[in-house]
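Comments concern the structure below.
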Amino acid sequence: MLSAYISHPSSLLHEMGPGHPECPARCSVIHDYLLSHSILDLMVMHTAPIATRPQVARVHDALYVAELEASAPTSGYHFVDPDTAMNCHTLSAAWHAAGAAVLATEIVARGEVASAFCNVRPPGHHATRHAAMGFCFFNNVAVGIAHALAECGVSRVALVDFDVHHGNGSENIFAGDDRVLMVSTFQRGLYPFSGEEALGPNSCNVPLEARSGRDALRDAVTRHWLPALEDFRPEMIFVSAGFDAHRDDDMGRLGWVEADYTWITRQIMDVAARHANGRIVSMLEGGYALPALARSVAAHVRVLIGAD
């Protein structure tokens, strides 16, 4: 069955200042690489809609959304933290990024496609119910998960997060919700300096040591993630797909390469095949070394579409 590719032009308009690593080129290099390597020829292309307020309100407080809208500048930048800024296009990009998650959820849940990859920004997994942080405004993957549970007849959802930074916002939103299992890896001691202790029994966090490499990744997945996922038997799997653990990315020091993203995606695909009718929604999170990002996303997507 085909896979979907979801994006929106607004992702190229949100920017946070010259030299900022979370830049519009992240989406364009991914698109160009997938296009030039004929990967997009094997995918169904979709343009992300705007998420509705009720869809976002499932995971973010109305007051937070109102404050975000009130802070949106008409020119220049408004900084919500020292590293995270809004320009006049940020809110549009954020609403469309959340909308991409909703659309992906619906078409995968309905069986129109087996999986979907959303090449959108700003990323989302650091955004909590009440706050933007870490380059994130709306928690896109959480919006998709909440939509699956509320509208798509899904009762158990797994969230797999393999960014080099802990997905604190996602864990904050779903802590203690027995309908959601979150499994994650991240480098110990990095921003946002969380994840060492799980917020609820539905989180399986595995912090990894700097320079621990692929062996530590494989151990984390096979000894911790896979048993938890097998016990949980998810009906749908969401992925916070961060590629900043790559050895070329100076955001972290885990030292992964493209083959590691291929391997981890195969593990996710195997679980999805056994329990979730193959249903996977993948959302772009981190990844800032642009050539490595494009190659790593391609490795991930090739597995999703059955081309690797």
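General observations
- Selection of the range 79-113 for residues being buried (at least 22 other Cβ atoms within 10 Å of the Cβ) and of a type in the set (Gly, Ala, Ser) yields Ala93, Ala94, Ala97, Ala98, Gly99, Ala100, Ala101, Ala104.
- Within the range 286-308, being outside any helix (DSSP H, G or I) and either within 18 Å of Asp41 (Cβ to Cβ) or charged (D, E, K, R) (or both) holds for Ile305, Gly306, Ala307, Asp308.
- Scanning the range 1-35 for residues that are in a loop (DSSP other than H, G, I, E, B), modelled with pLDDT of 95 or more and either within 19 Å of the chain's Cα centre (by Cα) or surrounded by fewer than 20 Cβ atoms within 10 Å (Cβ to Cβ) (or both) yields His8, Leu13, His14, Glu15, Gly17, Pro18, Gly19, His20, Pro21, Glu22, Cys23, Pro24.
- Looking across the range 105-143, the residues that are out of contact with any Gly (no Cβ under 6 Å at 6 or more places or on another chain), farther than 29 Å from Phe193 by Cα, not in a loop (DSSP other than H, G, I, E, B) and not charged (D, E, K, R) come down to Ile107, Val108, Ala109, Ser115, Ala116.
- Complete set of residues in the range 148-178 that are surrounded by fewer than 17 Cβ atoms within 10 Å (Cβ to Cβ) and either of a type in the set (Val, Ile, Thr) or more than 21 Å from Ala132 (Cα to Cα) (or both): Ala150, Glu151, Gly153, Ser155, Gly176, Asp177, Asp178
- His130 within 22 Å of Leu63 (Cβ to Cβ), surrounded by fewer than 24 Cβ atoms within 10 Å (Cβ to Cβ), at pLDDT 95 or above and touching a Phe, Trp or Tyr at 6+ places or on another chain (Cβ under 9 Å): yes
- Test: residue in the range 141-163 that is free of Cβ contacts under 8 Å to residues at least 60 places away in the same chain and within 22 Å of Tyr64 (Cα to Cα): no
- Qualifying residue in the range 50-65 (condition: crowded, with 16+ Cβ neighbours inside 10 Å, assigned to a helix (DSSP H, G or I), touching a residue at least 60 places away in the same chain (Cβ under 8 Å) and under 20 Å from the mean Cα position of the chain (by Cα)): yes
- If only residues of the range 86-140 that are on the phi > 0 side of the Ramachandran plot and in contact (Cβ under 8 Å) with a residue 60 or more places away in the chain are counted, the one that is nearest to the chain's Cα centre (by Cα) is Phe135.
- Of all residues in the range 155-196, those being assigned to a loop (DSSP other than H, G, I, E, B), of a type outside the set (D, E, K, R), touching a Lys or Arg at 6+ places or on another chain (Cβ under 8 Å) and within 17 Å of Trp225 (Cα to Cα) number 0.
The values are calculated or read from the model by the stated rules, or taken from the named source; none is laboratory data. These numbers come from a predicted model, not from an experiment. Positions of Cβ are generated from backbone atoms using ideal geometry, with glycine treated the same way; all protein chains shown enter the neighbour counts.
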